[in-house]
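Q: My structure is below; once you've seen it, I'll send some questions.
The values are calculated or read from the model by the stated rules, or taken from the named source; none is laboratory data. Values in this document were obtained by computation on a predicted structure and should not be read as measured data. When we count neighbours, we look across all protein chains shown, and the Cβ atoms used for this are built from the backbone with ideal geometry, even at glycine.
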Amino acid sequence: MAQVRVIRKARQLLEEIDYEIPVDVEKIAKAKGVVVVKQELEDSVSGVLMIKDGRGIIVVNEGHHPNRQRFSLAHELGHYLLHPDAGSVFVDRSPVFFRDRRSSEGVRQHEIDANAFAAELLLPEKDLKAQLNDRPVDAFDDVSVRRLAARFGVSAQALTIRLTSLDLVTLTAEGV
């Protein structure tokens, strides 16, 4: 699926709801009819999506940091909305991704799509730019990065990746 369509899908979803930052991804999933369950999973498993008869259940690892749980939920919701016919079970492990037999091809692209969807859903480009007044963030300004990450309810790493992909980061490294 082309990245433009993936981003558009996340933006359309945000337009359908009255959202605030940080985006309540659990509320969105439930509004889409997806059951969300938090339970202890193997540490290497971030989330699981099961689809049966068009209905989705997402299980998120409750042992992970809340920011990680939010991203995992957004990622699995992306699979549910973007790849409903790709398979019936999606288990996201680090670093291994399992898909059932029907989804054994093109897994990498599905992961790229789900990550792009989750990034736009949790860190909407227009909201990020508004927070920054269209000025890039210094990646080495740990305080600013952490403050902005907390505002959006994501990890500093997820924020930095997103800022980099949007070309909203500088690397000045003063004093390094």
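Q: Anything in the range 130-146 that is part of a helix (DSSP H, G or I) and hydrophobic (A, V, I, L, M, F, W, C)? List them, or say none.
A: ALA130, LEU132, VAL143, VAL145 - these are the residues of the range 130-146 that are part of a helix (DSSP H, G or I) and hydrophobic (A, V, I, L, M, F, W, C).
Q: Within the group VAL36, VAL60, VAL45, which residue is surrounded by 11 or more Cβ atoms within 10 Å (Cβ to Cβ), among the β-branched types (Val, Ile, Thr) and over 22 Å from LEU123 (Cα atoms)?
A: The conditions single out VAL45.
Q: List the strands (runs of 3 or more DSSP E) that sit entirely inside the range 1-76 and contain at least 3 residues that are modelled with pLDDT of 95 or more, within 20 Å of ASN115 (Cβ to Cβ) and touching a strand residue (DSSP E or B) at 6+ places or on another chain (Cβ under 7 Å).
A: Hits in the range 1-76: 55-61.
Q: Surrounded by fewer than 16 Cβ atoms within 10 Å (Cβ to Cβ), in contact (Cβ under 8 Å) with a residue 24 or more places away in the chain and under 20 Å from GLN12 (Cβ atoms), is that true of GLY78?
A: Answer is no for this residue.
Q: Provide a single number: the residues in the range 135-155 that are out of contact with any Ser or Thr (no Cβ under 9 Å at 6 or more places or on another chain), among the hydrophobic types (A, V, I, L, M, F, W, C) and either surrounded by fewer than 16 Cβ atoms within 10 Å (Cβ to Cβ) or modelled with pLDDT under 95 (or both).
A: The number of residues fulfilling the criteria is 2.
Q: Do we have ALA118 as within 24 Å of LEU73 (Cβ to Cβ), in the same structural domain as ASN67 (by TED's automatic domain parsing) and buried (at least 20 other Cβ atoms within 10 Å of the Cβ) here?
A: Criteria met by ALA118.
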